[in-house]
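The values are calculated or read from the model by the stated rules, or taken from the named source; none is laboratory data. Computed from a predicted model, the values in this text were never measured in an experiment. Here the Cβ is made from the backbone with ideal geometry for all residues, glycine too, and neighbour counts use every protein chain on show. The area values use the complete protein model at the heavy-atom level, side chains included, leaving out ligands, DNA and RNA. Shrake-Rupley method; radii C 1.70, N 1.55, O 1.52, S 1.80 Å.
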Amino acid sequence: TYKVLIIPVKENLKIINCVILIKDLTYVKNMEKVKTELIANISHELKTPITSIKGFIETLLDGAFKDEEITLRFLNIIDFEIGRLYRLIVDLINLSEIESGHLKIKNEKLKLEEVFEEINLIFKKRFEEKNLEFSYKSSISEMISDRDKLMQILINLVDNAIKYTPEGGKIWIESGGQNGEVIIKVCDTGIGIPEEHIGRIFERFYRVDKARSRESGGSGLGLAIVKNLAGALGAEIKVESRLNQGTKFIITFKS
Ligand code: ADP
């Protein structure tokens with residue numbers, strides 16, 4: 001990204017050549033801007049739960065602790081906010097590890113039904129709590145990939161599907177193969193994503209509805225992690241969504 005200019009200049013009546021190197025700093029400046037924005041976002045994400053925790057603790061210390069019912073309610077809120085802080089920090093660590101590019105990818109033979117059944121077991125309680133019907137089907141039985149990383153992708157997508165699907169809805173995973181490619185789809189009958197937001201949901205901390213996402217305790221990093229992990233596994237991820245009808249995340253593993 002250097003431009004080289006050679007221009008003749010006059011010095012003591014002689015013409016000599018002068019070499020000028022020009023470096024385009026646009027990229028560096030943009031990276032600095034991205035970094036500054038990221039730090040501002042992280043600070044904000046950390047500050048929100050801490051402010052809330054501090055407020056509830058101060059109210060308890062001011063005397064509210066004498067009322068057992070209020071104390072229990074406040075402790076539950078504090079517990080929820082600390083859970084959110086913990087998830088945020090774990091997600092930040094994961095994301096920086098993935099983005100560092102030092103991730104070791106295993107090539108394992110995976111039985112897809114086993115992987116999907118594990119997802120079912122991990123989320124069984126939450127499916128029941130929200131009366132969500134979960135199912136999976138696969139027209140291929142095996143694929144080669146990294147089990148832990150594929151699980152992390154599916155966990156994040158199913159976790160979102162649960163958060164953004166109203167009670168009584170459906171969530172399903174389907175997979176199949178085509179011309180040596182493997183396609184896995186995570187689908188829900190949830191609130192959907194407005195078209196104008198679809199291009200941005202994989203950005204760190206980008207949320208369609210800030211209030212709803214905070215309420216559900218999300219870190220805002222789930223899809224950024226999914227996108228990076230999919231890239232590390234040589235896969236592409238696409239979204240199809242219809243407002244109030246549902247969303248499909250489609251991951252295509254190239255052969
Ligand atoms: P969050 O912690 O906010 O869920 P994510 O990175 O996982 O962060 O998701 C980014 C945003 O994308 C969410 O805030 C939500 O607005 C939207 N989103 C993700 N998955 C779904 C889904 N299955 N249905 C509707 N909206 C979704």
Checklist entry - In the range 179-238, which residues are within 11 Å of the chain's Cα centre (by Cα) and of a type in the set (Ser, Thr, Tyr)? => result 206, 219
Next on the checklist: I'm trying to understand the selection: among the residues of the range 27-72, which are of a type in the set (Ser, Thr, Tyr) and over 27 Å from the mean Cα position of the chain (by Cα)?
Outcome noted: 59, 71
Item to check | Given (1) closer than 30 Å to residue 77 by Cβ; (2) in contact with a strand residue (DSSP E or B) (Cβ under 8 Å, 6 or more places away or on another chain), index of the condition residue 215 fails | outcome: (2)
Checklist outcome for this item: Those residues of the range 145-158 which are open to solvent by 40 Å² or more (accessible area, probe 1.4 Å) and either within 13 Å of the chain's Cα centre (by Cα) or within 7 Å of the ligand (Cβ to nearest atom) (or both) amount to 152, 155
Checklist entry - Pairs under 6 Å by beta carbon, first residue among the aliphatic types (A, V, I, L, M) in the range 198-212, partner outside any loop (DSSP other than H, G, I, E, B), six or more apart or different chains? => result 198/239; 201/223; 208/197
Checklist outcome for this item: residue 112: passes all of (1) open to solvent by 90 Å² or more (accessible area, probe 1.4 Å); (2) among the aliphatic types (A, V, I, L, M); (3) under 25 Å from the mean Cα position of the chain (by Cα) but (1)
Checklist outcome for this item: Being over 21 Å from residue 82 (Cα atoms) and within 8 Å of the ligand (Cβ to nearest atom) narrows 237, 183, 193, 250 down to just 193
Next on the checklist: Going by what's in this entry, would residue 124 be described as more than 21 Å from residue 236 (Cα to Cα), open to solvent by 90 Å² or more (accessible area, probe 1.4 Å), away from the ligand (no atom under 16 Å from the Cβ) and not aromatic (Phe, Trp, Tyr)?
Outcome noted: yes
